[in-house]
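Presented below is the structure to which this report refers.
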Amino acid sequence: MDKESEKPKKFEAIKYGDVFNVSGELAAKAITPQDAAAVESAEKSVLGETQKSGMATVMKSVADLNAQRGVVGHDDTTREGGAPQIAETTVAGHRVISESIDGQLLGRFAMDK
């Protein structure tokens, strides 16, 4: 075994900009377990449950991977703008849900009423 293969692998954190269409400072920040938990809590509060393919589920998977790799701690957070925002509107008989963090849209999806 050579010296190079004996070195532990160094991982970089998966960042908001790697997963979501965001820009600026948020794009360069790592997704952390506390950020994912905050979005999950907001989804449950507004929608009654976490969406199976929603932003919280995606963020939790990424945050868990970041924590397993040791690039973020379980208590870390990168949010500066307070709680995540979930807005709900109705368009043509469908609920349209928009999820934002630090003022930037993470995603939008529609649900039947």
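Computed quantities for the displayed model
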| read-out | value |
| --- | --- |
| Difference of contour (0.36 nm per residue) and Cα-Cα distance, residue 28 to residue 109 | 26.7 nm |
| Around residue 49: net Lys/Arg minus Asp/Glu count, Cβ-Cβ under 11 Å | 0 |
| Between helix 33-47 and the chain: long-axis angle, C-alpha atoms, 0 to 90°, nearest 10 | 10 degrees |
| Reported label for calculated Rg and Dmax of the Cα atoms in Å given (i) 16.4, 63; (ii) 16.9, 55; (iii) 20.4, 74 | (i) |
| Entries of 15/52; 10/44; 29/113; 15/113; 52/113; 9/52 with Cα pairs more than 25 Å apart | 10/44; 29/113; 15/113; 9/52 |
| Neighbour-count ranking [beta-carbon atoms within 10 angstrom, fewest first] of 88, 99, 43 | 88, 43, 99 |
| Crossing angle, helix 55-68 versus the chain [Cα axis fit, 0-90 degrees, rounded to tens] | 10 degrees |
| Under 13 Å, Cβ to Cβ, from residue 64 - net charge with Lys/Arg +1 and Asp/Glu -1 | -1 |
| Potential lengthening between residue 90 and residue 11 on full extension [0.36 nm per residue; Cα-Cα distance subtracted] | 24.2 nm |
| Taking 75, 102 and counting other C-beta atoms within 10 Å, the order from fewest to most | 75, 102 |
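None of the figures in this text is laboratory data; all of them are computed from the coordinates on show. Because the structure is a prediction, the values reported are computed rather than measured. As a convention, Cβ positions derive from the backbone with ideal geometry for all residues, glycine included, and neighbour counts pool all protein chains shown.
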